[in-house]
Amino acid sequence: MVSRETLAGLLDNCLLDARFPRWEDRYQRGKVRDMYLLPKRRVLITCDRQSAFDHILGTIPLKGQVLNRIANYWFEQTADIVANHVIDVPHPNVTIAEELSMFPVEIVVRGYLTGSSDTSAWTYYARGERDICGNILPDGMVKNVPFDTPILTPTTKSEEHDEPISAAQVLEQGLVDEATWKEIERIAFALFARGQQIAAKQGLILVDTKYEMGRNAEGQIAVADEIHTPDSSRYWIADSYEERHARGDEPESLDKEFLRLWLREKGISDPNVPDLDADIRLDVAERYIDLFERVTGQDFTPSQIDDQADEPLSNAIEKAIEPY
């Protein structure tokens, strides 16, 4: 585990953005990733930006490396289930990816009734809704209980937020044809089952997750963006789940749910976006690194400590992507 002292020394060497003049005309910015669109591929640079509740809050040391390395670990672990977009990983923050023809639907798989965001299953359930994206839930459920079997709750992108949608609506709106949708569902549940299986061996519960899929040049369905990272997924500590749930306590989490709760305590709203102080930035960084080591069984060593301790992270990344 990287020491808190080491993390503190990296607070000022975070990657807020990755804009390089060479490809400025091909630049796109996402919530976490900066992208450069090249012929038939894209350069994905996972930055250290932290977002929640649709706000960019600042940076977390090493977050980009953790996310990119976890995503690529899972791409490797699931390559027998579905193709993925990875061509090369020339730097821990960088993935060179095949350009896919993306489906206009995000696939969310949920194993538990939980969450605190406006689009979470628990939020809908707690206000009396029982039809969650076409999944009819029984009365009497409580927060953080598992479903009998995982459920799929798709979302489709809007300009402001992800909008929940049912499988029937996906087909009615012609977003995906029926045969393709059935294959997407099969793949999503297979990925989630593999994720839960591997997480369980490491003492974790993969609670829910999001997948983005498209077709590659060969016409295969392929998964893109990220997979089973703490930004796209929720993880709980397995050993303490039952006891904490019996007491009515929230599960121990290794994702950004605790940051959402911290922000709620600070009264986050559109006119009030709390600053992330050094302590919370280090807390979040430690959780990201802990999750990496728990999930992969590997020690996490930052690239800055390997061989670039005095070099700005952006410079090292620019050198790594130069051949492309």
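Expressed as a whole percentage, what fraction of the accessible surface of the chain belongs to carbon and sulfur atoms when a 1.4 Å probe is rolled over the protein heavy atoms? Its accessible area is 45 percent carbon and sulfur atoms. Phi-derived couplings, Karplus 6.51 cos²θ - 1.76 cosθ + 1.60 at θ = phi - 60°, listed residue by residue for the stretch 272-281: 10, 10, x, 6, 7, 7, 4, 5, 5, 5 Hz, with x used for Gly and Pro.
Enclosing the Cα atoms of the stretch 189-263 in their convex hull gives a volume equal to 97 cubic angstrom per residue. The Cα atoms of the chain give a gyration tensor whose axes a ≥ b ≥ c have a/c of 1.5 or more with a/b no greater than b/c, which makes the shape oblate. Applying the Karplus relation 6.51 cos²θ - 1.76 cosθ + 1.60 with θ = phi - 60° to the stretch 15-23 yields 3J(HN,Hα) values of 9, 6, 8, 10, 9, 10, x, 4, 10 Hz, where x marks Gly and Pro. So if the hydrodynamic radius of the stretch 180-324 is defined as the Kirkwood radius over C-alpha pairs, what does Stokes-Einstein give as its diffusion coefficient at 10 °C and 1.306 mPa s, in µm² per second? Once the numbers are plugged in, D ends up at 87 µm²/s. Summed over the residues of the chain and divided among them, the accessible surface reaches 46 Å² per residue at a probe radius of 1.4 Å. Normalised by the empirical 2.2 N^0.38 Å for globular proteins, what value does the Cα Rg of the stretch 80-155 take? The stretch 80-155 yields a ratio of 1.50. Taking Cα centre as origin and charging only the Cβ of basic (Lys, Arg, +1) and acidic (Asp, Glu, -1) residues, the dipole magnitude of the chain rounds to 300 debye.
The values are calculated or read from the model by the stated rules, or taken from the named source; none is laboratory data. Remember, predicted model here, so these are calculated numbers, not experimental data. With ideal geometry, Cβ positions are generated from the backbone for all residues, glycine too; neighbour counts draw on all protein chains shown. Surface accessibility is based on the protein's heavy atoms, side chains included, excluding ligands, DNA and RNA. Shrake-Rupley method; radii C 1.70, N 1.55, O 1.52, S 1.80 Å.
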